[in-house]
Amino acid sequence: MKRLDPRLALLAAVLLLPLAAQAQSFRTYVASYGNDGNVGCTVSAPCRLLPAALSAVLDGGEVWILDSANYNSGTVNIMKSVSILAVPGQVASIVAVAGNPAFNIATANVKVALRNLVIPNNANNPGTYGILMSAGSLLSIEDCLFANLPMHGVYVHDTTARVQIKNTVMRNIDGYAVRAENGPNVVISNSQFLTSAGIVAAGIAAPTTTTVSVSDSNISNGSEGVFAYTTVAGALAQIFATRNTFHGTYSPLDSETNGTGMAAIYAGNNMIDGSHYGWQVVGTGSSIVTYGNNQFSGNFVNAGSMTLNSLQ
């Protein structure tokens, strides 16, 4: 019996690949004048909404948003590694709508980057979170605006994903601007958190370590500044706060446990003023470590004691 040439077998396998897979491109496009029926979502024939462009892009590819408009009608589920970026100068809106988040990331190992996006709430049909992430390895957010959301701006939970937030504004968030819970590692820099509940590292499952680093940022006029807390033994929640301004927040530095787990804030070179508490330490296993160079001014009261650690 004559054997099939392996090269012919490989060619046959390629020809049998689904047409949709063959049509995927490294870069796809959406625009206000686009149409989701456009095959491939090319720059000359862009699609209209993000889900169509995500279907057409290769894993690890890019989706470019070409002009100002809203680019979703429901939750945008991201199930592959991708960068989504709007052309500078455009207002690309992805709204939280109908009791759901604007973005949902729940696929293992994906790496997602978002740049120059506006993520608001739909006032007529409210949503929940800006970004909800429960799986994945990396989320990068840069030059984005989150506004008027009824729940958290970014909620990352029960995953060891790394999250990077840079040059981003979150304002009028009814929940926490950023909530990291049960495992993620979050790095925040050069950002503003205005009239929101602040930034939290939470340990409510064990064994987990949740870490947040916040630097060179402004946190103003909300209920919390940075808040580390645990509720179960074996959980660690820790926040490193450096060179930030906390103004008019009810509790700028807040470390709490219910007597189990460990919660810690490490604070250096921050300005804390015009708040109710300067700092708050509550419960066995909670602590705030200061390096002696924080500035406290015009705060009403403090709760608990901070631990002084000299600069090296």
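The values are calculated or read from the model by the stated rules, or taken from the named source; none is laboratory data. Nothing here was measured: the structure is a model prediction, and the numbers come from that model. Positions of Cβ are backbone-derived with ideal geometry, glycine not excepted, and every protein chain shown enters the neighbour counts. Side chains are part of the model used for accessible areas, which takes the heavy atoms of the whole protein and leaves out ligands, DNA and RNA. Shrake-Rupley method; radii C 1.70, N 1.55, O 1.52, S 1.80 Å.
Rounded to the nearest 500, the 222 nm mean residue ellipticity of the chain from helices alone is -2000 deg cm²/dmol, with -39,500 (n - 2.57) taken per DSSP H run of at least 4 residues.
Using the average count of surrounding beta-carbon atoms within 10 Å as a protection proxy, the listed peptides 178-185, 282-289, 144-151, 224-231 rank, highest first, as 224-231, 178-185, 144-151, 282-289. Scanning the chain for cysteines with no neighbouring cysteine C-beta under 4.7 angstrom from their C-beta gives Cys144. Highest GNM mean-square fluctuation among His152, His247, His276, for the chain modelled with Cα contacts below 10 Å: His276. The relative contact order of the chain comes to 8 percent, based on Cα pairs under 8 Å that sit 6 or more residues apart.
The slack between Asn269 and Val91, meaning 0.36 nm per residue of separation minus the straight C-alpha distance, is 60.6 nm. Extension gain for Thr160 to Asn221 (0.36 nm times residue separation, less C-alpha to C-alpha distance): 18.9 nm. Were the residues from Asp143 through Asp67 laid out at 0.36 nm apart, the gain over their Cα-Cα distance would be 25.7 nm. Surface composition of the stretch 23-147: carbon plus sulfur atoms contribute 52% of the solvent-accessible area (1.4 Å probe, protein chains only, all chains present).
Just to be sure I understand: with springs between alpha-carbon atoms less than 10 Å apart, which residue in Gly34, Gly61, Gly292 has the highest mean-square fluctuation in the Gaussian network model of the chain? For the chain, modelled as a Gaussian network with Cα springs under 10 Å, the answer is Gly292.
Consider a paramagnetic label point 7 Å from the Cα of Arg243 along Cα→Cβ; state which residues of the stretch 148-175 have an amide N under 17 Å from it. Correct set: 165-168.
Taking amide H as placed 1.01 Å from N in the peptide plane, Val289 has its amide H under 5 Å from the amide H of Ile265, Tyr266, Ala267, Thr307, each at least 5 places away in sequence or on another chain. Computed from label points 7 Å out along Cα-Cβ, the spacing between Phe26 and His276 is 5.4 nm.
Calculate, for Ala206 and Tyr291, the FRET efficiency according to 1/(1 + (r/R0)^6) with r their C-beta to C-beta distance and R0 30 Å; round to the nearest 0.05. FRET efficiency, Ala206 to Tyr291: 0.55.
For the stretch 84-139 versus the stretch 238-312, the inter-centroid distance based on Cα atoms is 31 Å. With the simple spin-label model, which puts each label point 7 Å out from Cα in the Cβ direction, the Ala113 to Ala45 separation comes to 2.9 nm. Only protein atoms count toward the accessible area here, which uses a 1.4 Å probe; on the stretch 149-286, the carbon and sulfur part of that area reaches 51 percent. Largest accessible area first, the listed residues Asp143, Asp158 line up as Asp158, Asp143 when surface is computed with a 1.4 Å probe on the assembled protein chains. Per residue, the accessible area of the stretch 116-247 comes to 33 Å² when a 1.4 Å probe rolls over the protein heavy atoms. If I compute Cα extents along the principal axes in Å from the structure I just sent, which labelled value in (i) 66, 46, 39; (ii) 83, 44, 42; (iii) 82, 51, 36 lines up? Computed from the coordinates, Cα extents along the principal axes in Å corresponds to (iii). Annotation: for a label point projected 7 angstrom from Cα along Cα→Cβ of Ala98, residues of the stretch 110-125 with backbone N closer than 13 Å are 125.
In the context of the full set of protein chains, the stretch 17-92 has a per residue accessible area of 47 Å² (1.4 Å probe).
Between the residues Asn302, Ser93, Thr210, the greatest Cα displacement towards the positive end of the dipole of the chain, with unit charges on the Cβ of Lys, Arg, Asp and Glu, is found for Ser93.
On the basis of the beta-carbon distance and an R0 of 25 Å, Asn309 and Ser213 show a calculated FRET efficiency of 0.90. Springs between alpha-carbon pairs under 10 angstrom, Gaussian network model over the chain: which of Ser217, Ser83, Ser73 fluctuates most? It is Ser73.
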